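These notes are about the structure you will find just below.
Bear in mind these aren't lab numbers, they're just calculated from the coordinates by the rules spelled out. Please read all numbers here as calculations on a predicted model, not as lab measurements. Every residue, glycine among them, receives a Cβ derived from its backbone with ideal geometry; neighbour counts consider all protein chains shown.
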Amino acid sequence: MKLPIICPSCDHTLNVSQMKCPDCGTNVNGDYELPVFLKLNREEQDFILNFFLSSGSIKEMAKQAELSYPTMRNKMDDLIQKIDQLKK
């Protein structure tokens, strides 16, 4: 099951309020903000993972996705800008 990150009523980012250990059953309750990575959509998360797995090579990512380097660079720049906004 995919972790919901957006409120279905008002479109704001959800916070985590409870986590449970599947081994011992311990519950942790509170009001915790999601890490920036989890605030990104699945495609953006995959982009970051692929960047990491390609050893940080935008050139290699572009090759694998059959896109030009400038197109992949623009995708990276857009994601950087979004992350900067989420951190504020």
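Net charge near Gln64, counting Lys/Arg +1 and Asp/Glu -1 over other residues with Cβ under 14 Å of its Cβ? Numbers along the way, then the final one.
Numbers: positive: Lys59, Lys63, Lys75; negative: Asp46, Glu60, Glu66.
Net charge in that neighbourhood comes out at 0.
For Leu34, enumerate residues with amide H under 5 Å from its amide H, sequence gap 5+ or separate chain, H modeled in the peptide plane.
Under 5 Å from the amide H of Leu34: Val16.
Given an 8 Å cut-off on Cα distances and at least 6 residues of separation, report the relative contact order of the chain as a percent. If you can, show how the numbers build up before the last one.
Details: 62 pairs, mean separation 14.6, N = 88.
The value is 17 percent.
Lys59: which aspartates and glutamates have alpha carbons under 18 Å from its alpha carbon, excluding same-chain residues fewer than 8 sequence positions away?
Glu44, Asp46, Asp77, Asp78
Give the lysines whose C-alpha is closer than 18 Å to that of Lys82, dropping any in the same chain fewer than 8 places away, or say none.
Counting by Cα, and skipping residues close in sequence, Lys82 has these lysines nearby: Lys39.
Using a simple charge model, +1 on the beta-carbon of Lys and Arg, -1 on the beta-carbon of Asp and Glu, nothing else, what dipole does the chain show about its Cα centre, in debye to the nearest 20? Write out the running numbers ahead of the final one.
On the way: 11 positive and 12 negative charges, 22 e Å.
With Lys and Arg at +1 and Asp and Glu at -1, about 100 debye.
Which of the lysines could a cross-linker span from Lys20 if the Cα-Cα distance has to be under 17 Å and same-chain partners fewer than 8 positions apart are dropped?
Cross-link targets: Lys2.
Please work out whether the stretch 1-53 counts as rounded, prolate or oblate from its C-alpha gyration tensor, where a ≥ b ≥ c are the square roots of the eigenvalues and a/c under 1.5 means rounded, while otherwise a/b larger than b/c means prolate and anything else oblate?
Working: a/c = 2.48, a/b = 1.34, b/c = 1.85.
Verdict is oblate for the stretch 1-53.
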